[in-house]
Amino acid sequence: MDDIDHLGWSPALARAFAETAEPGQIAGRIIAHHRGHYELACTGATLRAQCAGRMRHHDAGYGLPVVGDFVIARIEAGAATIDAILPRRTKFARAVGDLTRHDVARGEQIIAANIDYVFIVTGADADFSVRRLERLLGAAFGSGAVPLIVVTKTDLGLAAPMIVQLALEAPGVAVHQVSNRTGEGIPALRALIGPGQTALLVGSSGVGKSSLVNRLLGYERQATSITDDNGRGRHTTTSRDLFLLDGGGMILDTPGIRAITQWQPEGLDDAFTDITVLAAQCRFSDCRHEAEPGCAVREAIEDGRIEARRLADYVKLNREMAYLERRGDKRAEAAVKRQWREQTRANRRRPIS
């Protein structure tokens, strides 16, 4: 399989393929997902592909393929049928449903697989949202990939305050400034993606992801749209596509994400390292950072080292994770419901003063 090494093929994948594949089957990587079909890159060709019926109707819990997956397939009449998904090294996922709007999480949506970097793209204009950044960082850390923040539209001259804020909101996370219009910062960003490595681009619509893809590729591949004199764009990408860069490396573009609810708890503490480091210094190991004596987090808030809003966001996200975990544990969910019923009855019996 040396001819797909440039797609990120590894010895671990080769072993999994050898243990699972049947005679006549091939390995390939999903490079695009369109409505109704996939595009599969394999030895010497890119083929239109669909999942085998048993994958669609008898899914064993691993889900259907997503862009970035390595799969086992068979070729028939110039098209490919996907029979199985090889083990995922990393995955970027979110909950289906928006808990920020009191929705119900209905499961996991995997956006991309086998990625090495998550480029969280934000424009140096009105797009910036602290809460969206926190959620994207949590999901990025939880994916197993390395998160980076890319600030676009630096040619507008509005980036300086954002860079200062990002140092507070994302401690330890590298921030790269680029201009899709002038090309400033593009070579340095491109150099980060080594041969066989994949960078996923995420962010809301209009931040310049498609323009960034074109800059990194060196030619116009993704459609872009400019709607005003300040350079604010609108949604143009409608599918997930994996593009091969000259000299190796890949970038995976996605449609804009309006809201994201983190699916797995892994990564949340990494997104709030300033709080978790302080929490380890609290007097009590189970400190809730409310009114307990010797709370290092509250002291930092009083000293102005961190904002009270940031602690509130961390607590809120932890509650969401606890809610999702309870939904997966029926006994825990039932126990919480009993607790709320007992509390409600107690409140009703309490005399009104």
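The table for this structure:
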quantity	calculated
Some residue of region 223-242 being within 23 Å of Ser143 (Cα to Cα), surrounded by 14 or more Cβ atoms within 10 Å (Cβ to Cβ), touching a helix residue (DSSP H, G or I) at 6+ places or on another chain (Cβ under 7 Å) and at pLDDT 80 or above	no
Helices (runs of 4 or more DSSP H) within region 250-341 that include 1 or more residues modelled with pLDDT of 65 or more and surrounded by fewer than 16 Cβ atoms within 10 Å (Cβ to Cβ)	273-279, 296-303, 308-328
Options Ala174, Ala167, Ala160; residue that is open to solvent by 60 Å² or more (accessible area, probe 1.4 Å) and under 21 Å from Phe141 (Cα atoms)	Ala167
Number of positions in region 177-201 that are in contact with a Lys or Arg (Cβ under 8 Å, 6 or more places away or on another chain) and under 21 Å from Phe70 (Cα atoms)	1
All positions within region 109-135 that are open to solvent by 50 Å² or more (accessible area, probe 1.4 Å), at pLDDT 75 or above and either of a type in the set (Val, Ile, Thr) or not in a helix (DSSP H, G or I) (or both)	Gln109
Those residues of region 14-37 which are open to solvent by less than 20 Å² (accessible area, probe 1.4 Å) and either more than 18 Å from Met250 (Cα to Cα) or free of Cβ contacts under 8 Å to residues at least 60 places away in the same chain (or both), in sequence order	Ala16, Ala27, Gly28
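The values are calculated or read from the model by the stated rules, or taken from the named source; none is laboratory data. The structure presented is a predicted model; accordingly, all values stated were derived computationally and were not measured. For neighbour counting, all protein chains shown are included, and Cβ atoms are generated from backbone atoms with ideal geometry for every residue, glycine included. All accessible areas refer to the heavy atoms of the entire protein, side chains included, with ligands and DNA or RNA removed. Shrake-Rupley method; radii C 1.70, N 1.55, O 1.52, S 1.80 Å.
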